[in-house]
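To keep things clear, I will list the structure first and then write my remarks on it.
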Amino acid sequence: MRGTALGFGLVAMATGAALAGPLDAYRDRARVLVLSAPEAGDADLRAQRAALGSARTGLADRDLVVLEAVGSGPQAQALRTRLGLPADSFRAVLIGKDGGAKLTAEEPIAPQALFATIDAMPMRRAEMRERR
């Protein structure tokens, strides 16, 4: 697992505390999009990164952090094990602020579909009402 440098500071790096429970540090604070791929050159991983790179404002508005489980290192394996993901293929998993998986895909998720899923969540609707 490693943070991805998409150039807008929303992507998280694993810390020692987060490794004990890879997603625990984000619970109740941020939504997490986990990207899992066997290697950094995976075509679906590259496509997902590109799609997210063009959606910076939407990611920030929705308190969305991106974590990657790429390769076969122990941190990537721990995150895959936590989410029940295969090591040999791409997966994208959206985790809500409550810690539950809300969406799992075997191919890149378009930002519009990702945002629609998040915007339909009760916690997100409450956030939008509070910001008005």
message: Apply the Karplus curve 6.51 cos²θ - 1.76 cosθ + 1.60, θ = phi - 60°, to the phi angles in segment 46-54 and return the couplings in whole Hz, x for Gly and Pro.
response: 4, 5, 5, 4, 5, 4, 5, x, 8
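How would you classify segment 41-108 from its alpha-carbon gyration tensor, with a ≥ b ≥ c the square roots of the eigenvalues: rounded for a/c under 1.5, else prolate if a/b is greater than b/c, otherwise oblate?
Judged from the Cα gyration tensor, segment 41-108 comes out oblate (a/c at least 1.5, b/c at or above a/b).
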message: Give me the extension gain from R131 to E106: residue separation times 0.36 nm, minus the current Cα-Cα distance, reported in nm with one decimal.
response: 5.6 nm
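Percent of accessible area on segment 15-132 owned by carbon and sulfur, 1.4 Å probe?
The C+S portion of the solvent-accessible surface of segment 15-132 is 50 percent.
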query: Which three lengths, in whole Å and largest first, does segment 19-132 cover when its Cα atoms are put on their principal axes?
result: 44, 30, 17
field: Under the Karplus curve 6.51 cos²θ - 1.76 cosθ + 1.60, θ = phi - 60°, whole-Hz ³J(HN,Hα) for segment 119-132, x wherever Gly or Pro sits
entry: 5, 8, 6, x, 5, 5, 4, 5, 4, 5, 5, 5, 7, 6
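The values are calculated or read from the model by the stated rules, or taken from the named source; none is laboratory data. Remember, predicted model here, so these are calculated numbers, not experimental data. Heavy atoms of the whole protein, side chains included, go into the accessibility calculation; ligands, DNA and RNA do not. Shrake-Rupley method; radii C 1.70, N 1.55, O 1.52, S 1.80 Å.
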